[in-house]
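Written out below as structure tokens is the structure these notes cover.
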Amino acid sequence: MLGATADVFLLLFIAIILSLYLGAVRDLLVEHAHVPPRIAFFVSVVGSAAALVGLFAILLPPVVEQTRALIVVMPQYIETWENGIDHFVARFPAMRDVWKPGEHPLITAVYAQVSDQAQSLVPKVFSLVHVMIDCFAVGVMSIYLALQPGVYREWLIALFPPIHRDLVRDVLRDEADALRAYIVGQLLTMTVLGALTAAGLYILNVPFALTFGVFTGLVAVVPFFGTLLSTTLPALFVLGGPGGGTRALYVLLLGVVIHLIEGNIVSPLVMSKKIDMPPVLTITSVLIIGKLLGPLGLVVALPTLVAVMVIVRRILINRIYEGKGFRKSTRDRIFVLRVPVPDGGVIVPLAQPPDLISIREKPVKKTA
């Protein structure tokens, strides 16, 4: 059942992330602009949708045009790459068993892939409809979750025993803070990376600079692997031209410098310490979640790691390893039963609050 419904829970997690973004925008408008909460929420939804549509309207036409031109000239680039590999293999005869010059395996593979896609056109149309339904479901769920977060949070808390509910409430609060910090930081990081990459490639006279800039911003959601792909791919398109080796080196250096700026200046400014993840742990989580959930899992790999690390810190480390146990949370207090006692009597501290209702109902017996 879990394997069959994993995609549904994945969509729910994406909806939760979007709802946290909408809630953050609403809270920002309420706190700083003193807008009523309902109007602020309406502005956050409509404003985000309008910003997204405006971004598409500005970037989509040139990106589509450059992408179309890229598809047209792609066979020429592939042929240039194959000729370069042929020259390289000619210097090392031992590699001829792996790559046979003149057979053009890359072009053959591309044409085979295109023909397979054309034959499966009808399933692809149904798959596109399914994707649109999923996107609509995620949007609706995110709006409902952002509109009434307390309802769903309290229902989730009610599934746990009463003694653990304060702890669960604290963990959920930390989860929301960490994921909000991730969302804001990730959006700013993607914007900075895309803008710097497009500007740098345009200065270096690299073809399809805007397309590669948008691509760099989009794949930044996948840590490390998106960086590697967005840095090497533009270099391949200048490798076969005049001075290709030098230009490709400049493109690679540009990618390295931009990602160094992002990693050492942008991310520390926009990312919270709550989501400061070790690199090896991040790479491992991307590999594991991508293996379990496929390409869509790569998108949520880092926020999933953020959520898991909050649980590990609050429960595994603090409650189990540090010996604090589960019977006390950050909100627990030591309750003292204050009753008049004779001289020399003792007031006993209680670990839990007494049942005051039952005490009131019991008749008080006078004693000497």
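The simple spin-label model puts a point 7 Å past each Cα toward its Cβ; for residue 55 and residue 160 those points are separated by 3.4 nm. For the stretch 197-236, rounded, prolate or oblate, judged on the Cα gyration tensor with a ≥ b ≥ c (square roots of eigenvalues), a/c < 1.5 rounded, else prolate if a/b > b/c? The shape class here is prolate.
Our coupling estimate for the stretch 261-267, obtained by passing each phi through the Karplus curve with A = 6.51, B = -1.76, C = 1.60 and θ = phi - 60°, is 4, 5, x, 10, 10, 5, 4 Hz, Gly and Pro reported as x. Taking Lys and Arg as +1 and Asp and Glu as -1, the other residues whose beta-carbon sits under 11 Å from that of residue 208 total 0. Sorting 197, 80 on solvent-accessible area from highest to lowest, probe radius 1.4 Å, gives 80, 197.
Would you please put 70-78, 168-176 in order of how densely packed they are, using the mean number of other Cβ atoms within 10 angstrom per residue and starting with the highest?
Working: 70-78: 13.0, 168-176: 17.1.
Highest to lowest by the protection proxy: 168-176, 70-78.
The modelled label-to-label distance between residue 187 and residue 67, using points 7 Å beyond Cα along the C-beta direction, is 2.3 nm.
With a Förster radius of 45 Å, plug the Cβ-Cβ distance of residue 321 and residue 203 into 1/(1 + (r/R0)^6) and report the FRET value to the nearest 0.05. With a Förster radius of 45 Å, E is 0.30.
Residue 133 exposes around 100 Å² of accessible area when a 1.4 Å probe is run over every protein chain in place.
In terms of accessible area, using a 1.4 Å probe and ignoring ligands and nucleic acids, 177, 134 rank largest first as 177, 134. Across the protein chains, with a 1.4 Å probe defining accessible surface, the residues 160, 237, 13, 136 rank 136, 160, 13, 237 from largest area downward. For the pair residue 83 and residue 246, label points projected 7 Å from Cα toward Cβ lie 2.0 nm apart.
Quick one: net charge around residue 146, please, counting Lys, Arg +1 and Asp, Glu -1 for every other residue with C-beta under 14 Å from its C-beta.
+3
The values are calculated or read from the model by the stated rules, or taken from the named source; none is laboratory data. Note that the coordinates shown come from a computational prediction; the quantities given were computed from them, not determined experimentally. With ideal geometry, Cβ positions are generated from the backbone for all residues, glycine too; neighbour counts draw on all protein chains shown. To get the accessible areas, we keep the full protein, side chains included, count just its heavy atoms, and leave off ligands, DNA and RNA. Shrake-Rupley method; radii C 1.70, N 1.55, O 1.52, S 1.80 Å.
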